[in-house]
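To keep things clear, I will list the structure first and then write my remarks on it.
Every number in this text was worked out from the coordinates using simple rules, so none of it is lab data. Predicted, not measured: the structure shown is a model, and the values here were computed from it. Every residue, glycine among them, receives a Cβ derived from its backbone with ideal geometry; neighbour counts consider all protein chains shown.
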Amino acid sequence: MGFGVGSTTLGFGWSTGYVYFTLARARRVVFRGRLQPGDGEGHRAPSPRALGRGAIPGMSVEFVDASKQLPMVYRNTIANMMAEAEAQNGIFAADEITSACTERRGGANSRTRS
């Protein structure tokens, strides 16, 4: 996970090897039901307005695909849209769809590290 830091925090990190931060409050969003014809990645993303005023800024948002129907491209788009909602991060819980995508791409450990 990446997050922005200011010059003071960066200097402290360089000099000590540590960066301290407060863990974000967490919110879980569960997708249920069926996709409708014509639904695209952005159509399934919850709008910050729908979750309530001030519900997402600074939070860690975990998404759960209860129906196991959202393909990875949809999941990536929805998670990335959380930056627009000022969330600290957005992530989908790993499941069978995640594992199948990883396998199709050669597995999690397929790259050689130097």
*In whole Hz, what ³J(HN,Hα) sequence does the stretch 99-107 give by Karplus (6.51, -1.76, 1.60; θ = phi - 60°), x for Gly and Pro?*
4, 5, 5, 4, 5, 4, 8, x, x
*How would you order 66-73, 84-91 from highest to lowest mean count of nearby Cβ atoms within 10 Å?*
84-91, 66-73
*asked:* Could you give each residue of the stretch 15-31 its phi-based ³J(HN,Hα) in whole Hz, using Karplus coefficients 6.51, -1.76, 1.60 with θ = phi - 60°, and x for Gly or Pro?
replied: 7, 10, x, 10, 10, 9, 8, 8, 5, 6, 5, 9, 9, 10, 10, 9, 8
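If you stretched the chain out fully between R32 and E86, how much longer would it get, using 0.36 nm times the residue separation minus the C-alpha to C-alpha distance? Don't skip to the answer; put the middle values down first.
Numbers: separation 54, 0.36 × 54 = 19.44 nm, distance 2.40 nm.
Result: 17.0 nm gained on full extension.
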